[in-house]
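Right, one structure below, let's go through it.
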Amino acid sequence: MPSCPRNGLHCPSGYELDLTVLTPTGKALGAYAHGFIGTVHTLTQTGAITAGLDLLITTPSGGSARASLSSGTVMLQFDSSEPLIAYGREQALEEIFHVPLPSLADGLPVLSVGSPKLTVEVTPGAFARLQRQLDGLDYDRLMALQRELDVNGIHLFCRNEITGMPARAIQTNAYLGRNLAVDRATGVSSAAQVSADPRIHAGRQLQVTQYTPTGRSAVLTLAKGEGRSVWVGGVANLLDHHTAPRLFLT
C-alpha cells in the first residue's frame, strides 16, 4: 500500500510507493510506465489514494517516477540517464527482424529512464515492413542480444515526415516471454527517446502511437522538460474492481 510518511492518513502533500516489477520470465525492471500508470489508476479508483496528489514510485532496481493523475490521465515524470552507444549490431538486428535496416555505422544509442533500451530510428517505409514481419521475429536471437547488451528490449521508431517528430513505435522485449515479446505499450522507451532527441525542444508535447503485428495498441502522451526531465502519460480503464483488477491502457 502507498505510504504517507509526512502527514498521516489524509496525506495532503503526496504519497510514496515502493513497487517491485517482474516480467513473466522473472526479470526485475527499474521502470515500467504502463505498469505504473495502471497502478495509479487502480489505487485511485479503489480509494487507496486521492486523485490530484503526487505519488512518488520507486523500485528496488533503482528506478523512480513521480506520478500525478488529472482528468483521467496519469502523467509520469522521469529523469533520463546518460546515453550509451552500441556498435556492430547490424547483423544481429537483421537476424531478429528479417528486415534490412539503415546504415548503423555511427552506433545505436542505449537510452534509459530506468529501463535501458537499444533504440533504432527507421524510415516510415522500414517501419511498415518491420510491423508486417513481427510475427516472425527471432525470439532466441532477441534474448541473446538483450543479455549481451544488458538491455530490456529494442525500441524502434519512425518520425512524422512533415513535422519531424517521433510518431510511431514498436517495442520488443524477450524478457516478457515468447508470446508477449512485442509489447503493447512501453512508455519508458518513448520517454527515453524523446528526452535524448535533439530535435525536440523543452516544453514540446507530442503523441507517439505504439504498434503490434495487428495494428495500433496504445497512444502515449509525452512532454520534454528541462535538462533530463521527461513526462509520459496514458489512460487506463479499470475493467473489474470486484475481483482482481484488470487494466487496459489506451
Taking the 0 to 90 degree range and rounding to the nearest ten, how far is the long axis of helix 187-196 tilted relative to the main principal axis of the chain, both from C-alpha atoms?
70
Excluding V188 itself, what net charge comes from residues whose Cβ is under 13 Å from its Cβ, given Lys and Arg +1 and Asp and Glu -1?
-1
How big is the dipole moment of segment 72-140 about its Cα centre under a simple scheme where the beta carbon of each Lys and Arg is +1, that of each Asp and Glu is -1, and everything else is neutral? Debye, nearest 20, please.
200
Extending each Cα 7 Å along its Cβ direction at A202 and T50, get the distance between those two points in nm, one decimal.
3.2
Between helix 139-149 and the chain: long-axis angle, C-alpha atoms, 0 to 90°, nearest 10:
80
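Using a ≥ b ≥ c from the Cα gyration tensor of segment 80-171 (square roots of the eigenvalues), is it rounded, prolate or oblate, where a/c under 1.5 gives rounded and otherwise the larger of a/b and b/c decides, a/b for prolate?
Numbers: a/c = 1.58, a/b = 1.09, b/c = 1.45.
In terms of gyration-tensor shape, oblate.
What's the carbon and sulfur percent of segment 31-124's accessible surface, probe 1.4 angstrom, rounded to a whole number? Kindly include the intermediate steps, with their values, before the conclusion.
Details: 2000 of 3970 Å².
C and S atoms contribute 50 percent here.
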How long are the semi-axes of the equivalent ellipsoid of segment 52-211, defined as square roots of 5 times the Cα gyration tensor eigenvalues? Whole Å, largest first.
26, 19, 15
Of Q91, S112, Q131, which is farthest along the charge dipole of segment 67-131 in the positive direction, counting Lys and Arg as +1 and Asp and Glu as -1 at C-beta?
Q131
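Based on Cβ point charges of +1 for Lys and Arg and -1 for Asp and Glu, what charge dipole magnitude is obtained for segment 51-180 about its Cα centre, in debye rounded to the nearest 20? Working shown, then result.
Working: 10 positive and 14 negative charges, 67 e Å.
In debye, rounded to 20, segment 51-180 gives about 320.
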Simple spin-label estimate for E148/V219, 7 Å along Cα→Cβ, in nm, reads 3.8
Of the candidates K27, K224, K117, which one comes out as most mobile in a Gaussian network treatment of the chain with C-alpha springs shorter than 10 Å?
K27
To the nearest 10 degrees, how steeply does helix 33-45 sit against the main Cα axis of the chain, on a 0 to 90 scale?
20
Residues of segment 77-95 with backbone nitrogen within less than 18 Å of a virtual label 7 Å along the Cα-to-Cβ line of R228, please, listed as ranges.
77-86
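The values are calculated or read from the model by the stated rules, or taken from the named source; none is laboratory data. Because the structure is a prediction, the values reported are computed rather than measured. Neighbour counts are summed over all protein chains in view; Cβ atoms, including those assigned to glycine, are modelled from backbone coordinates with ideal geometry. Protein only, heavy atoms only, side chains kept; ligands, DNA and RNA dropped before computing areas. Shrake-Rupley method; radii C 1.70, N 1.55, O 1.52, S 1.80 Å.
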